[in-house]
Amino acid sequence: MHHEPAGASPAPQVQRVVTPAGDARITWHRAARARAVLALGHGAGGGIEAPDLQALAMTLPGHDVSVALVEQPWRVAGRKVAPAPKALDSAWSALWPELASPGLPVVAGGRSAGARVACRTAAALGARAVLALAFPLHPPGRPEKSRAGELSEAGVPTFVVQGARDPFGRPGEFPAGTHLVEVPFADHGFAVPKRADLTRTAALGLVTEAVARWLDKLPGE
């Protein structure tokens, strides 16, 4: 399913969507000749300004994939604390028809808590696959509180991109058979130490390259 990169993509478009939890916001980075939509939710400690989300939004339209960066209602309203998982899932499900409105296959995804939302709702919403960036496999220092079941029960092809030093779950802690790419030296935000043999820019490049390759290999769109 290889496609040659398209030309320059249009300017981002911001769309407000009403959900049971309040207004959500979608920032569309549309490909000129889109073959799929990648919908990305943010984590519990930040928004769509996260460097990995921005890097994917800047890169993937050139690979014929439109990127929709989704801001949950609590972020749009300016609150600092995320609500319970049920509320996050409800808002994500309510705005899904807008993500699917271009009539293209939709890959659900996100970073950290956003990845968990994508996993929990993917099968019910008809997502083509799930992209899990910095999946929080467990709370830091609490490996017994595993969330591996959310990955294994997603019900669709799932791809994890994980930092080698992520305190929420290092790559080696994931169950055998997990489709995972490791980003060397990187932490939960894909930041790397100054002494590492890898720059932050290069680490983000590894993320975008791995995701682009994975999307190209998804069968049957």
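The values are calculated or read from the model by the stated rules, or taken from the named source; none is laboratory data. Worth saying up front: this structure is predicted, and the values here are computed from it rather than measured. As a convention, Cβ positions derive from the backbone with ideal geometry for all residues, glycine included, and neighbour counts pool all protein chains shown. These accessible areas exclude ligands, DNA and RNA; they are computed on the full protein's heavy atoms, side chains included. Shrake-Rupley method; radii C 1.70, N 1.55, O 1.52, S 1.80 Å.
State to the nearest 20 debye the size of the charge dipole of the range 119-221 about its Cα centre, where the only charges are +1 on K and R beta carbons and -1 on D and E beta carbons.
Numbers: 12 positive and 11 negative charges, 49 e Å.
Dipole size: approximately 240 debye.
Which whole number of Å³ per residue matches the convex hull of the alpha-carbon atoms in the range 124-212?
Working: hull volume 8.9 nm³, N = 89.
Here the figure is 100 Å³ per residue.
Using 1/(1 + (r/R0)^6) with R0 = 30 angstrom and r between the beta carbons of Gln54 and Glu144, what's the FRET efficiency to the nearest 0.05?
On the way: r = 34 Å, r/R0 = 1.13.
The computed FRET efficiency comes out at 0.30.
Per residue, how many Å² of accessible area does the chain show with a 1.4 Å probe? List each step's numbers first, then the result.
Numbers: 9750 Å² over 221 residues.
For the chain, the solvent-accessible area averages 44 Å² per residue.
Amide H to amide H under 5 Å from Ala132: which residues, 5+ apart in sequence or cross-chain, H placed 1.01 Å off N in plane?
Under 5 Å from the amide H of Ala132 lie the amide H atoms of Phe159, Val160, Val161, each far enough along the sequence or on another chain.
Once fully extended, how much extra length lies between Ala100 and Ala11, figured as 0.36 nm per residue of separation less the alpha-carbon to alpha-carbon distance? Don't skip to the answer; put the middle values down first.
On the way: separation 89, 0.36 × 89 = 32.04 nm, distance 1.98 nm.
Working it through step by step, the gained length comes to 30.1 nm.
Could I get the Rg over Rh figure for the chain? Both from C-alpha atoms, Rh via Kirkwood, rounded to two places. Please list the in-between numbers first.
Details: Rg = 16.2 Å, Rh = 17.3 Å.
My calculation puts Rg/Rh at 0.94.
Less than 20 Å apart at the alpha-carbon level, and either on another chain or at least 8 residues along: which aspartates and glutamates does that give for Lys194?
Asp52, Asp166, Glu182
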